[in-house]
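J.: My structure is below; once you've seen it, I'll send some questions.
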Amino acid sequence: MVLTPHMRQLGVTPQLLKTTKQVVCPMCGHKFSLFQSRAIACRGCRKAATNCENARCPRCDFEFPLTLLHVNNEARQRQISSYMNSILANYNRSVGKKGTR
């Protein structure tokens with residue numbers, strides 16, 4: 001997906017586009033986005049709050065490293081994880097929810 005000028009104007013970043021890319025679970029074949037993984041399957045996990053470098057399938061709960069997806073080095077894995085965590089933390093603060101299950 002290409003980042004258009006209109007998307008930039010709305011605040012979409014290249015990192016956000018990476019988190020919305022559809023991935024396939026290596027265990028069950030379910031398609032999901034990395035953002036769905038953090039928002040649904042990893043919600044409340046203490047590792048997710050510390051920039052975990054894994055993804056978890058929302059359907060079968062299988063956890064696997066981000067290297068199986070589209071992030072090929074550790075620094076980039078940490079950067080994407082940190083970015084997703086900040087989005088979820090901002091959302092939880094804005095609606096008055098805790099980040100725990």
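J.: Do you know which of the residues in the stretch 24-66 that are aliphatic (A, V, I, L, M) and touching a Leu at 6+ places or on another chain (Cβ under 7 Å) is surrounded by the most Cβ atoms within 10 Å (Cβ to Cβ)?
T.: The residue in question is ALA55.
J.: In the stretch 67-101, which residue that is surrounded by fewer than 15 Cβ atoms within 10 Å (Cβ to Cβ), assigned to a loop (DSSP other than H, G, I, E, B) and not polar (S, T, N, Q) is modelled with the highest pLDDT?
T.: GLY96
J.: Inside the stretch 24-52, can you point out the residues that are of a type in the set (D, E, K, R) and touching a strand residue (DSSP E or B) at 6+ places or on another chain (Cβ under 6 Å)?
T.: Of everything in the stretch 24-52, just one residue is of a type in the set (D, E, K, R) and touching a strand residue (DSSP E or B) at 6+ places or on another chain (Cβ under 6 Å), namely LYS31.
J.: Also, quick follow-up: Can you tell me which residues in the stretch 43-66 are at pLDDT 80 or above and touching an Asp or Glu at 6+ places or on another chain (Cβ under 9 Å)?
T.: If the condition is that a residue be at pLDDT 80 or above and touching an Asp or Glu at 6+ places or on another chain (Cβ under 9 Å), then ASN54, ALA55, ARG56, CYS57, PRO65 are the ones that fit.
J.: Pairs only if they're at least six apart or on different chains, beta carbon under 9 angstrom, first in the stretch 26-39 and over 12 Å from ASN85 (Cα atoms) and free of Cβ contacts under 8 Å to residues at least 60 places away in the same chain, second outside any loop (DSSP other than H, G, I, E, B) and among the aromatic types (Phe, Trp, Tyr); list them, first residue then second.
T.: PRO26/PHE64; MET27/PHE64
J.: Now a separate question. Which pairs turn up if I take residues in the stretch 2-20 that are within 20 Å of MET84 (Cβ to Cβ) and look for partners that are assigned to a helix (DSSP H, G or I) and among the aliphatic types (A, V, I, L, M) with beta carbon separation below 7 Å, at least 6 apart in sequence or on another chain?
T.: Qualifying pairs under 7 Å: LEU3/LEU17; GLN15/ILE80; LYS18/ILE80; THR19/LEU34; THR19/ILE80; THR19/MET84.
The values are calculated or read from the model by the stated rules, or taken from the named source; none is laboratory data. Keep in mind that this is a model prediction, so the values were computed, not measured. Here the Cβ is made from the backbone with ideal geometry for all residues, glycine too, and neighbour counts use every protein chain on show.
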